[in-house]
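Take a look at the structure set out below.
The values are calculated or read from the model by the stated rules, or taken from the named source; none is laboratory data. Just so it is clear, the structure is predicted and the values come from calculations on it, not from any experiment. So basically every Cβ, Gly included, is an ideal-geometry build from the backbone, and we count neighbours across all protein chains shown. We work out accessible area using only protein heavy atoms, side chains counted, and drop any ligands, DNA or RNA first. Shrake-Rupley method; radii C 1.70, N 1.55, O 1.52, S 1.80 Å.
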Amino acid sequence: MATFNTAGLGGSTDASPSYTPKLRVEPRVTTVDFGDGYEQRIHKGLNVAPRVWDLAFNNRSDTDRNNIIDFFQNSTKGNNGKNSFDWTDPYGYAGKWVCQQWQVEQTSANNNHITTEFRQVFEV
């Protein structure tokens, strides 16, 4: 399993996201409405509050941009969102994540902004 860090990206690529990273948590809850304002809620499954991080990697060189994008696309690493990878979030929580979408903006020569979404997954 690949790890999204400097070693996983190869070379001296900076794997630290720029500030400010954004965390979203959307607990999985089923709600049954009985009418007259009464309702009952139950969690869906065991891992009910997966984390989603919106991350930016700003002011990266073309080489760093290529290494980051290659990590997401490489068949032995992210595999275009199919494979999970190990990553430790900004709060220090280590887990398994997938990145199924990213955007690249080239702001000037050899300067790039990459925005991504890391979604926590639970697997064996």
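Here are the numbers for the structure shown:
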| quantity | calculated |
| --- | --- |
| Residue identified as of a type in the set (Val, Ile, Thr) and open to solvent by less than 30 Å² (accessible area, probe 1.4 Å) among Ile42, Ile68 | Ile68 |
| The stretch 2-39, subset part of a loop (DSSP other than H, G, I, E, B) and of a type in the set (Ser, Thr, Tyr), residue most open to solvent (accessible area, probe 1.4 Å) | Ser12 |
| Verdict on Thr107 being farther than 20 Å from Ser12 by Cβ, part of a strand (DSSP E or B) and free of Cβ contacts under 8 Å to residues at least 60 places away in the same chain | yes |
| Considering residues of the stretch 45-54 that are in contact with a strand residue (DSSP E or B) (Cβ under 6 Å, 6 or more places away or on another chain) and closer than 16 Å to Val121 by Cβ only, the residue least open to solvent (accessible area, probe 1.4 Å) | Trp53 |
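Yes/no matrix, rows are residues, columns are (1) outside any strand (DSSP E or B); (2) exposed (fewer than 13 other Cβ atoms within 10 Å of the Cβ); (3) out of contact with any strand residue (DSSP E or B) (no Cβ under 6 Å at 6 or more places or on another chain); (4) not basic (Lys, Arg):
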residue: Asn83; (1), (2), (3), (4): yes, no, yes, yes
residue: Trp87; (1), (2), (3), (4): no, no, no, yes
residue: Pro90; (1), (2), (3), (4): yes, no, no, yes
residue: Trp97; (1), (2), (3), (4): no, no, no, yes
residue: Gln100; (1), (2), (3), (4): no, no, yes, yes
residue: Gln103; (1), (2), (3), (4): no, yes, no, yes
residue: Asn112; (1), (2), (3), (4): no, no, no, yes
residue: Glu117; (1), (2), (3), (4): no, no, no, yes
residue: Val124; (1), (2), (3), (4): yes, yes, yes, yes
